[in-house]
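So the structure is just underneath, and the comments pick up after that.
The values are calculated or read from the model by the stated rules, or taken from the named source; none is laboratory data. Given the structure is predicted, the values throughout are model-derived calculations rather than measurements. Ideal geometry is used to build each Cβ from the backbone, glycine not excepted, and the neighbour counts take in all protein chains shown.
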Amino acid sequence: MINLASKLRRRMLLRFLDNFFAHFWHNILPLYLMVAFGIFYFFSITPTYLSHGVLYVQNDSLLTTLTNARQNDYIWVSRGQTVVEQFDSLMQTDAFARAILQRTNWEAELQNGVPLNDLLNAVRSSLWGEVKGEKHVHIVAQSDDPEIAFQLAEAAITLYRQGKVNLAVSEVANSVDFLEGIMAGYQEELESAEMALRTYLTDYPEPAFGLRRPGEESAQIAHLRDNLSTAERRILETRARIDRIKLDQSQALQEVENTYLLVDSPKMAHSPKYTMRQRIVVLFIFVGMGMLLSLGAGVGATLMDKTYRFPLDMDIELALPVLGNIPKDMVALPTEMLGVFDHDATPHAPIRLAQRNDTPPTLIISP
């Protein structure tokens, strides 16, 4: 078994070398291609700078927990993933991307005639969000200018948090405006009820001492006073609701500050993302991949080759002894059978046979 395994290894090595060097340029082509790609990458890549800020996103702030207000249950996705999806959706809007652009040095390029759509696409391609853990979100900016990367990250985080504040404030402001509009109508009703009661009392004054007001007058006065009390109660309730909403507005602002807590502010990058050492490492990776592809091509050709090329093939596959082999470029048949005679000018090619040492002596009969 050991001798057979040794023969198999030797046979595979011989077949691999023969197939590899028989089509050397075809097999070596992947290596040249990968080296070319690596050199192109090495000289074409530009230094890239990254800047990022970290937001800590809580499900509920302390104030929300104490007041039991604005509780949102995120069951299927984490809060961080929700924030990233919201940020990506905002980045697709021109208003949000334009607001970020105004806070960067690219605004000057817009004034110099650079198309707005090109700059907005540059903003979108340079900013993205990443979830780091369940509640940590990284807002990352990338640019070949470290100052631009810093400005993009800072503007994106500031505007995202400000957008959350504006959303909460706008909801409260709309509610306050609605209730104030209703209270204006209630105020008119109150003034009308007061005027009606005052007019009725003027027209029907109190009777002299010892006399009682007629029943109809008493009922009408009671009715007018009920209208006045209803109008006053409506105004008081509306004012109380407005006060609660304004308090809720302060709570919402504080809640945004606590829910979207800025842990790390963006910083100016002092070194590029791809250093010279990293570029060299990537170049060697391309070379290594090319070598693996070239070797893989040779191995594939070896495994697909079903021909008999060596004495080992006959020994292993057919279990037949090999008496001898004819070297390459030698004539395998007698010259007379090939139509070559002694009187021809072409010299006879020599016939050389190589005999294996592990076979018994064999008599070769030739013409």
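Screening the stretch 171-195 for residues that are surrounded by 12 or more Cβ atoms within 10 Å (Cβ to Cβ) and polar (S, T, N, Q) and picking the one that is farthest from residue 231 (Cα to Cα) gives 175. Under the condition of being of a type in the set (A, V, I, L, M, F, W, C), part of a helix (DSSP H, G or I) and exposed (fewer than 12 other Cβ atoms within 10 Å of the Cβ), the residues counted in the stretch 196-235 number 2. For the stretch 264-273, check the following and say yes or no: at least one residue is surrounded by 14 or more Cβ atoms within 10 Å (Cβ to Cβ), of a type in the set (A, V, I, L, M), farther than 30 Å from residue 169 by Cα and in contact (Cβ under 8 Å) with a residue 24 or more places away in the chain. Yes, because at least one residue in the stretch 264-273 is surrounded by 14 or more Cβ atoms within 10 Å (Cβ to Cβ), of a type in the set (A, V, I, L, M), farther than 30 Å from residue 169 by Cα and in contact (Cβ under 8 Å) with a residue 24 or more places away in the chain. Within the stretch 275-283, is there a residue that is touching a strand residue (DSSP E or B) at 6+ places or on another chain (Cβ under 6 Å) and not in a helix (DSSP H, G or I)? No: zero hits. Reported count of residues in the stretch 236-252, each being closer than 30 Å to residue 54 by Cβ and loosely packed, with under 15 Cβ neighbours inside 10 Å, is 1.
Taking the stretch 87-184 as the region of interest, none of the helices (runs of 4 or more DSSP H) fully inside it holds 2 or more residues being touching a Pro at 6+ places or on another chain (Cβ under 6 Å) and at pLDDT below 90. Every condition in (1) touching a residue at least 24 places away in the same chain (Cβ under 8 Å); (2) closer than 30 Å to residue 100 by Cβ holds for residue 162 except the one numbered (1).
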